[in-house]
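Below is one structure; the comments refer to it alone.
Quick note: the coordinates plus some simple rules give every number you see, no bench work behind them. Small disclaimer: the values here were computed from a predicted structure and weren't measured. A quick note on method: Cβ atoms are made from the backbone with ideal geometry, for glycine too, and the neighbour counts reach across all protein chains shown.
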Amino acid sequence: MNDDTHRLRAGQIGFVVAAFVALAAYPLVAGSYGLDLVTKIMIFAIFALSLELLVGGTGLVCFGHAAFFGIGAYATVLLSPGYDPAHLLVLVPACVGAAALYALAVGALSLRTKGVYFIMVTLAFAQMAYYVVHDTPLGGGTDGIYLNAKPAIPGVFELKGGLVIYGFTWACLLGVFALLAVVSRSRFGRALAGIRVNEQRMRATGFATYPYKLAAFTLSGAIAGLAGFLFAVKDGYVNPELMSWHLSGSVLIMIILGGLGHLRGALIGAFAYVLLQEFFKSEAIFGSFAKHWHLGLGLTIIASVALLPRGLVGIPGQIAARLAGRASRRAEATPGLKETR
């Protein structure tokens, strides 16, 4: 790698390290509202990272990803024994496993299709899960169900209180990011990248692409289930909207806004999307117009996509390209400058 590549890689690593350090230090200056908001954003960042593995890493546009998020959340409540706290070390694998199992089943069938058909099949499976909890007593119907006791490790640790949940969510986000960073640089990750670029060529070189895509789909569903678990623990309540196609669309917007193909893009996109949402919902800023916050958010996203085709992570590159272009134009306009130097 040349010096420019080294500097770019160092800058990317520095940004990620600085972001996690800032998040770790945030509780020192945050109030209860800020702590709850950033916890929510970190949960959505985990959710966005799970979809980034599919869309940005493998080239599979899934429009039913909220199903895995919702299954993780509902499993948290349904597997908790009434008013006694569930064992954290049992509940987390169970919730993640439930989401992964459904992802395995959905992926095994939907990955036999391609393009828009894949999008529609994943959406159909998500709607099936939505109506199971919406129309049956299992999920409490439209009213949803409450988590009466937060999970704990008896005598050691209880996942209760804003600061504790914040710290646990931060640790999960760090673990998921590190896991996906290792995966993307592994042989498995390089195979997924090859599938994204040209699946036919990967098959021609001897790769059976279906098992790779199914493994990525299952891992993605498992991570979304972890995000669902964290969401249920934070709010203490779940409802069918956690499985709606609106949420699938929102998390897809997050990774597009942040920049597809970059793990840090999923982080940036989650923060940008939720903060923009809070901004346009603010009655202190927009008054009565705040009830039309969807309009402001939609126009902002359209403008971002039009002006930043590579997402928010592409801003430094665009600035560098413009500066380089200006420097080259200046050099062309003053041809004697180089000889003088």
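Would you be so kind as to identify which of Leu91, Gly298, Ala181 lies farthest towards the positive end of the dipole of the chain, taking Lys and Arg as +1 and Asp and Glu as -1 on Cβ and the Cα centre as origin? With unit charges placed on the Cβ atoms, the residue in question is Ala181. On the beta carbon distance between Val156 and Ser186, with R0 = 22 Å, the FRET formula returns roughly 0.05.
Once the Cα atoms of helix 162-184 and of the chain are each reduced to a long axis, what angle between those two axes, in degrees from 0 to 90 to the nearest 10, is obtained? Once rounded, one gets 60 degrees.
Of the labelled figures (i) 35; (ii) 22; (iii) 27, only one reflects percent of Cα pairs over 35 Å apart as derived from the coordinates, namely (iii). Scanning residues 5 or more positions from Glu158 or on other chains, those with amide H under 5 Å from its amide H are Ile153, with H placed 1.01 Å from N in the peptide plane.
A 18 angstrom limit on the alpha carbon distance is what I want to check against. Which of Lys114/Lys213; Lys160/Lys281; Lys150/Lys281; Lys40/Lys160; Lys40/Lys291 exceed it?
Details: Lys114/Lys213 12 Å; Lys160/Lys281 28 Å; Lys150/Lys281 30 Å; Lys40/Lys160 15 Å; Lys40/Lys291 21 Å.
Table pairs above 18 Å Cα-Cα are Lys160/Lys281; Lys150/Lys281; Lys40/Lys291.
What does the charge add up to near Leu60, with Lys and Arg as +1, Asp and Glu as -1, over the other residues with Cβ less than 9 Å from its Cβ? If you can, show how the numbers build up before the last one.
Values: positive: Arg196, Lys213; negative: none.
Once all neighbours under 9 Å are counted, the net charge is +2.
Remark: Leu91, Leu54, Leu275 ranked as Leu275, Leu91, Leu54, counting other beta-carbon atoms within 10 Å and listing the fewest first. Under the simplified labelling scheme, the Ala193-Leu28 pair shows an inter-label distance of 3.6 nm, with each label point 7 Å from Cα along Cα→Cβ.
Scanning residues 5 or more positions from Thr113 or on other chains, none has an amide H under 5 Å from its amide H, with H placed 1.01 Å from N in the peptide plane. Distance between the pseudo-spin-label points of Phe279 and Leu163 (7 Å out from Cα toward the beta carbon): 3.1 nm. Neighbours of Asp36 by Cβ distance under 11 Å: Lys/Arg scored +1, Asp/Glu scored -1, total +1. With both labels modelled 7 Å from their Cα along Cα-to-Cβ, the Leu308 to Leu214 distance reads 3.8 nm.
Derived scalar couplings between HN and Hα for the range 283-300 equal 6, 5, 9, 10, x, 5, 5, 4, 5, 9, 4, 4, 5, x, 5, x, 5, 5 Hz in order, rounded to whole Hz, by the Karplus curve 6.51 cos²θ - 1.76 cosθ + 1.60 (θ = phi - 60°), x for Gly and Pro.
Helical runs (DSSP H, four residues minimum) scored at -39500 (n - 2.57) apiece and divided by the length of the chain put the mean residue ellipticity at 222 nm at -25000 deg cm²/dmol. Reported to the nearest whole Å, the Cα centre-to-centre distance from the range 277-306 to the range 159-215 is 33. Remark: relative contact order (the chain) = 28 percent; criterion is Cα-Cα distance under 8 angstrom and separation of 6 or more residues. Counting charges near His134 (Lys, Arg +1; Asp, Glu -1) among other residues having Cβ under 12 Å from its Cβ returns a value of -3.
Potential lengthening of the chain between Ala290 and Asp84 amounts to 70.1 nm, from the contour at 0.36 nm per residue minus the alpha-carbon distance. Could you state the angle between the C-alpha long axis of helix 88-110 and the longest principal axis of the C-alpha atoms of the chain, as a value from 0 to 90 degrees rounded to the nearest 10? Value to nearest ten degrees: 70. Can you give me the angle between helix 32-58 and the longest principal axis of the chain, using Cα atoms only, in degrees from 0 to 90, rounded to the nearest 10? The two axes meet at around 70 degrees.
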